[in-house]
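Below is one structure, written out as structure tokens; the observations come after it.
Computed from the coordinates by the stated procedures, all read-outs in this text should not be read as laboratory data. From a predicted model like this one, the values you see are computed outputs, not experimental measurements. We place every Cβ from the backbone using ideal geometry, glycine too, and count neighbours over all the protein chains shown.
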């Protein structure tokens, strides 16, 4: 414990022992210049250490910082994964230093998730039938071939003039609307000006669409928080507290997604993804009940309203992503 009664991490206690016999004796913080009232700066929190460090001091400081980070990170990791709602409650109560910052964890988890997703073979990203049965390799190949050709099969004209000529031969009620016309002309221009074939257009569209997904998910974060705010509008919660709930749940989702991707790479572990899916939904219900403190029935109703509404928001976001991706090609 320091003079202010705060607990000191293991690594810092090592430094404390190291310098007990030869206190630094600095009158001002070396980091921000604030007058020192104790062993730690009251403004920036930096410990009062010597301006110049010998090799032993440097190693002890480095090891201490590492163990301090490791302890906080894995404590956050375990609590987030196994105790729905606990970390959210404690963070909103002001107990924040004991856990890794949720925004930093979001960046870390999302980076690992999308990295693993990008490394997955294409056939594993489109590998399910409508009834949930996994496709065979032959079926997967046919699906991918279809995806590369079907969206553009109706775009047979090679020039805008040829397209207009075909449209003029049709009755007014059979001609393309403004949106369809835009897509047709966009496709023709991509082939004319860039010399792309159908396969290149599909590949470029797919890559750009996938690259925009992390941004799309990020922009849906405040939407998720807004839905919580509307569901619990009579409860005394700031929007920022709903946002904290959303960030931590996103952190958990990315963590569960990482586990799911790893399971999918091992054939005899794939079946565990069913339980991952069940746990994801149970986790949200349990976190809502623990954080907002309502009855099981109310929480269950609001859980279903939340996931169904957010699902439609997700579909809408994918549509917007597709439209923007095509516009920017």
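In whole angstrom, note down how far apart the Cα centers of the stretch 306-325 and the stretch 170-184 are.
Measuring centre to centre over Cα atoms gives 25 Å.
Using 0.36 nm per residue, how much length does the chain from residue 312 to residue 173 gain when fully extended, once their Cα-Cα distance is taken away?
Full-extension gain reported as 47.0 nm.
Using Cβ counts within 10 Å as a stand-in for footprinting exposure, how do 83, 158, 47, 178 rank, fewest first?
By the 10 Å Cβ count, ascending: 178, 158, 83, 47.
Fewest to most neighbouring Cβ within 10 Å: what's the order for 314, 228?
Result, fewest neighbours first: 314, 228.
Any chance you could run the full-extension gain for residue 207 through residue 274? It's 0.36 nm times the residue separation minus the Cα-Cα distance, nm to one decimal.
Length difference between fully extended and current span is 21.3 nm.
Hey, fewest Cβ within 10 Å first, where do 240, 264 land in order?
240, 264
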